[in-house]
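First comes the structure, then the notes that go with it.
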Amino acid sequence: MTTYKTLPGTYRQAGREFTITKRKGDIAFAECSDPSGGFEVFRVHRHDGREISGKRIEPAEFIPSANQWGSHGWSFLPSERDRAEAKFDELTKA
C-alpha cells in the first residue's frame, strides 16, 4: 500500500492563502484568510510519485488543477458559506 504525503493544512491558490478547516475522506473544505476571499470545496487527489527533471517526487496528495475546477473543485464567495457547506455535505454523503 502506498503512503502519501498528506496535503498540508494551508495552501496558496491564485495568490491567496487557504486553510483546510474540515476534511472527510477525500473531500476538503477550505477558508481563505484574505477578507475578500471565500471558500473552496474540493476532492483531494493523489499521485504515486513522479520524476521531474531527474528528481524523484514522493507520492503525495494535491489540490485539483485549474482545468479540473468545476468538476473536482468549487469556489464560493465570502457571502456563500451556506452554499459551500451544502456542497461539502453533498460530496461527503455521496
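Every number in this text was worked out from the coordinates using simple rules, so none of it is lab data. Please read these numbers as outputs of a predicted model, since none were measured by experiment. Every residue, glycine as well, gets a Cβ built from its backbone with ideal geometry; the counts of neighbours run over all protein chains shown.
Structure data summary
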read-out	value
Per-region count, region 11-40, residues within 23 Å of T92 (Cα to Cα) and either without any contact (Cβ under 8 Å) to a residue 12 or more places away in the chain or not in a strand (DSSP E or B) (or both)	4
Members of region 3-48 found to be surrounded by fewer than 13 Cβ atoms within 10 Å (Cβ to Cβ) and small (G, A, S), listed by number	G9, A14, G15, G25, S33, S36
Count of residues meeting criterion [loosely packed, with under 15 Cβ neighbours inside 10 Å and either at positive phi or of a type in the set (S, T, N, Q) (or both)] in region 54-79	7
Tally, over region 60-90, of residues that are among the small types (G, A, S), in contact (Cβ under 8 Å) with a residue 24 or more places away in the chain and within 18 Å of K22 (Cα to Cα)	3
